[in-house]
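The values are calculated or read from the model by the stated rules, or taken from the named source; none is laboratory data. None of these values were measured; they are calculated from a predicted model. When we count neighbours, we look across all protein chains shown, and the Cβ atoms used for this are built from the backbone with ideal geometry, even at glycine. Surface areas here come from the heavy atoms of the whole protein model, side chains and all, with no ligands, DNA or RNA. Shrake-Rupley method; radii C 1.70, N 1.55, O 1.52, S 1.80 Å.
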Amino acid sequence: MEDCILKINLIVFITLTIFYLYQFIYVAVVLFKKHKERQHTLCPFHRYGVVIAARNESMVIGNLIRSIQNQTYPSKLIDIFVVADNCTDNTAQIARQLGAVVYERFNKEQVGKGYALDFAFRHIAQDYGANYHDAYLIFDADNLLDSHYIDEMNVVFSQGYQIITSYRNSKNYATNWITAGYSLWFLREAKYLNNARMMLGTNCAISGTGFMISNKIVQKYGGWKFHLLTEDIEFSVVNALEGERIGYCGTAVLYDEQPTTFQQSWAQRLRWSKGFYQVMWKYGRALASRLIHNKNHPFACYDMLMTIAPASLLSLGCMVLNAIFLLTAIFQPHYMNTLVALAGRMLLFSFVNFYIILFAMGLLTTITEWKKIKAPAYKKVLYTFTFPLFIFTYIPISIVALFKNVQWTPIIHSVAKSAEEMK
């Protein structure tokens with residue numbers, strides 16, 4: 001049994017290391033590869049439609065619209081569209097008063113952001129024509145934009161990218177360990193995943209909000225046809241399969257609001273976990289197949305496959321096995337002392353090993369993004385230590401998501417900060 005315990009732990013450790021080694025290479029690329037200086041050439045101006053899906057967002061929708069209206073990009077080339085999706089408050093009224101075009105949608109059967117986006121695209125095409133806008137910027141109602149956001153996205157769009165994601169920061173990093181956990185994860189995703197992908201010329205991934213899609217992509221899919229619980233990662237996977245490169249603009253900064261209570265966080269991440277399983281079950285085989293048959297961008301498919309793969313379950317399985325070995329050893333007095341000590345060490349090793357890796361990720365992100373994190377210095381330090389614990393809470397969430405029927409539910413947003421306050 002001793003050999004069995006050691007071999008299982010070694011196999012799991014080596015397997016995860018091999019599969020995710022490329023993400024350590026991403027870190028090295030960001031830290032040591034020389035960044036190309038952006039060419040300061042004049043870019044053509046494009047007409048953009050800004051699409052905001054909002055459900056009972058009266059507390060925050062106004063600040064987002066004002067941050068769009070205060071862009072340095074020519075305002076005459078920006079049209080703001082708000083989908084008041086099953087609203088029971090005055091979200092629609094506030095948006096109209098601020099000059100947005102509002103489409104009200106009431107559908108209790110087809111619930112979720114994907115349906116709201118599709119509704120918006122159909123109505124925009126009817127009212128403005130199918131080719132009026134060159135591209136669309138997609139935001140959630142709680143977002144805020146840096147004043148140069150659209151200018152910066154326009155530069156990357158002018159380089160030929162049909163889909164572009166941006167730098168995602170947070171409005172409420174300093175609230176508690178939950179908001180900080182989210183924030184650090186998104187900062188790491190921007191800096192050490194999408195940024196590295198862009199530098200290496202491979203595919204990035206959109207993440208819920210703060211992205212641009214060209215009108216060509218909207219027409220290609222006939223609107224927005226992605227309706228799994230994580231429609232963003234489904235969209236990213238489909239475009240990886242079809243060879244469409246997704247770009248990244250690190251100078252386009254967006255702020256969003258993170259859940260403040262564990263109950264809200266549990267509900268949101270339960271939906272994300274279930275959505276990742278849905279994407280894996282629907283597209284996992286196709287992604288694996290493209291690793292062999294896709295001659296253009298096979299690595300993009302591998303990257304997406306690793307993104308949606310339930311690696312946390314493999315780690316959990318290893319820890320559970322160690323716990324089983326520990327319990328088994330207790331009932332075998334013969335080997336009890338040796339096996340209990342070994343199983344206990346392996347269980348502790350699994351926990352400590354993953355904590356150290358996650359802590360290193362959080363620490364590196366905190367150090368390099370220090371000036372961009374909106375929080376007192378002591379909280380930046382403190383929440384670096386709690387970041388691994390936040391990620392560990394995904395373990396029970398991932399287990400429940402396997403068996404629970406999860407539905408989309410809205411998150412209440414209440415951090416009514418302005419873009420000026422975020423400066």
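List of remarks:
- Only protein atoms count toward the accessible area here, which uses a 1.4 Å probe; on the chain, the carbon and sulfur part of that area reaches 61 percent.
- Helix 262-293 and the longest principal axis of the C-alpha atoms of the chain enclose an angle of approximately 90°.
- Percent of C-alpha pairs per 5 Å bin, region 50-92, short to long: 5, 23, 29, 21, 11, 8, 2
- If you run the Gaussian network model on the chain, springs between alpha carbon atoms under 10 Å, then out of C204, C43, C249 the most flexible one is C43.
- Spherically averaged projected area of region 208-297 from its Cα convex hull (nm²): 7.4
- Amide H contacts under 5 Å for A252, placed H, 5+ residues apart: Y167
- The chain: most fluctuating residue of Y132, Y283, Y103 per GNM, C-alpha cutoff 10 Å: Y132
- For K225 and Y132, a Förster radius of 30 Å and the Cβ-Cβ distance give a FRET efficiency of 0.90, rounded to the nearest 0.05.
- Environment charge of V60, counting only residues whose C-beta is closer than 14 Å and scoring Lys/Arg +1, Asp/Glu -1: -3
- If you model the chain as an ellipsoid using its alpha carbon gyration tensor, with each semi-axis the square root of five times an eigenvalue, the axes come out at 40, 23, 22 Å, biggest first.
- Share of pairwise Cα-Cα distances greater than 15 Å in region 347-407 is 60 percent (whole percent).
- Rounded to the nearest 10 square angstrom, S414 shows an accessible area of 70 square angstrom against a 1.4 Å probe.
- Extreme residue, positive dipole direction of the chain, given options Q219, P259, F32 (C-beta unit charges): F32
- What the Kirkwood sum gives for region 1-154 is a hydrodynamic radius of 18.9 Å, with every pair of different alpha carbons counted.
- When the pairs K372/K417; K34/K423; K191/K225; K33/K371; K379/K417; K33/K216 are compared against a 24 Å limit on Cα-Cα distance, K34/K423; K191/K225; K33/K216 fall above it.
- Sorted largest first, the spans of the alpha carbon positions of region 374-419 along the three principal axes are 41, 28, 11 Å.
- GNM remark for the chain: springs join alpha carbons under 10 Å apart, and the peak mean-square fluctuation among I14, I80, I411 falls on I14.
- Of the whole protein surface, R197 contributes about 10 Å² of accessible area at a 1.4 Å probe radius.
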